[in-house]
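Bear in mind that the values in this text are calculations on the coordinates, not laboratory data. Computed from a predicted model, the values in this text were never measured in an experiment. Ideal geometry is used to build each Cβ from the backbone, glycine not excepted, and the neighbour counts take in all protein chains shown.
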Amino acid sequence: MAAYERVDERRDLRPGLGAQVPPIVRQNLLNLDQRGCEGLAQTLGCKPFHGRNLFKWIHKHGVDDFDAMTDLPKAFRARLAAEASIPRLPVAAEKPSADGTVKWLLELPDGQRVETVFIPEERRTTLCVSSQVGCALDCAFCATARQGFNRNLSAGEIIAQVRHAVQRIGRAPSNIVLMGMGEPLANFDAVVTATDVMRDDLAYMLSKYRVTLSTSGIVPNIYRLAEVSDVALAVSLHAPDNALRDELVPINRKYPLEELIPACRAYLRGDTRRRITWEYVMLDGVNDSIAHAKALIRLLEGTPSKVNLIPFNPFPGSGFETSPPERVDAFRQRLLRAGLVATTRKTRGDEIAAACGQLVGRVQDRRRRVPAMSQAVALRP
């Protein structure tokens, strides 16, 4: 979505005239990182530090009213009020869970809807945000894929999810994960801008270890990401070999494991303090045997890794079942004996369909759905 949006339309009401007056178009300031706000200030005749102050008002203080930004010049505030906006996303539904998890269904300006999930824990709070309306990558076990794909979110629509959560819970989350609807690396520019804002000291102040981008494995954009960012990287792996992963994660047919694993190693840049998190959903009788565990150990040899085992979260018509707890534990114990860091994710929010793989939102006009292969090819190398 562009940095501008329609916010008002008026008809010419003079007698005999029915022509439509062009809509007023305002710049969505949530699409701008700190540098973008500095550039905007200079364009409007102010100093760069006025742009930094604007950025701080928007994100650190959560202010929407330009008149309340008292350290900005009056003329600058007047121009902003006339030509810019700081939009909030209307809440179509809010669903709380007994475990404290909350899911918000947020409506976008074009009527599409995406889901955002807040997960409180004893020592941390995690916000799971979406990066696309639907998803084109067709992972076999994911409810989002069944929705089809319509479009990318703008950076402002991603950040608006964060601002909504901060407003509702009264503080910034300690962790943000781009694990909601969509493939983040298929929306590269907007996602990079949004993660820069999340980590900015004048905004949400999250460290690079507390912003996690989850990808199904668009290899060229993993290399691109390494050039411009150092957020934590999680990879939806789900299988230890190409044959099985081709079925579960179709993007593997274009970027197989022999290309994906080296790209992930390169992303770490030799930093021994960092690991790739490998997400591995446990599907009963599909990928959960000890033989699969041994193959996974061989695959990850030499790669600093953390394996996150995810009990499958059922949804209607999925065709899969959750692995029994004892089999998940046996799988994990085999990984641990091989020296891998391995954890089992605790399912949160499953009774409100807020758990991993269950987000669906509302995707209108599925005719715009883009097949996974053609979408990936369209990305810049």
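Summing charges over all other residues whose Cβ lies under 13 Å from the Cβ of Pro73, with Lys and Arg as +1 and Asp and Glu as -1, gives +2.
For the range 43-50, 3J(HN,Hα) computed residue by residue from phi via the Karplus equation (6.51, -1.76, 1.60; θ = phi - 60°) reads 4, 8, x, 10, 8, x, 5, 5 Hz, glycine and proline entered as x. Converting phi to 3J(HN,Hα) with the Karplus coefficients 6.51, -1.76 and 1.60 and the offset θ = phi - 60°, the range 279-287 yields 8, 9, 6, 8, 10, 4, x, 10, 9 Hz in sequence order, with x at every glycine or proline.
Where in the range 246-266 is the amide nitrogen less than 11 Å from a point lying 7 Å along the Cα-to-Cβ axis of Arg327? The answer is none, because no backbone nitrogen lies closer than 11 Å to the label point.
The Rg/Rh ratio of the range 276-336, with Rg taken over Cα atoms and Rh as the Kirkwood radius over Cα pairs, comes to 0.99. Along its principal axes, the range 91-377 has C-alpha extents of 48, 43, 41 angstrom, given from the largest down.
Legend: ranking of residues Glu183, Glu107, Glu258 from fewest to most surrounding C-beta atoms inside 10 Å; resulting order Glu258, Glu107, Glu183. Rg and Dmax of the range 181-312, both derived from C-alpha coordinates alone, stand at 15.0, 49 Å. Annotation: the residues Asp65, Asp329, sorted from fewest to most other C-beta atoms within 10 Å of their own C-beta, follow the order Asp65, Asp329.
When Lys and Arg each count +1 and Asp and Glu each count -1, what net charge do the other residues less than 14 Å away from Leu309, Cβ to Cβ, add up to? Net charge in that neighbourhood comes out at +1. Positive contributions from Lys and Arg (+1) and negative ones from Asp and Glu (-1), summed over other residues with Cβ under 9 Å from the Cβ of Asp230, come out at +2. Computed across the range 138-178, the Kirkwood hydrodynamic radius from all distinct Cα-Cα pairs reaches 12.4 Å. Loop-located trypsin sites (Lys or Arg not before Pro) in the range 191-250 (DSSP state not H, G, I, E or B) with no more than 16 neighbouring Cβ atoms inside 10 Å: Lys208.
Working from the Cα coordinates of the range 239-341, the gyration tensor eigenvalues give, after taking √(5λ), semi-axes of 23, 17, 12 Å in decreasing order.
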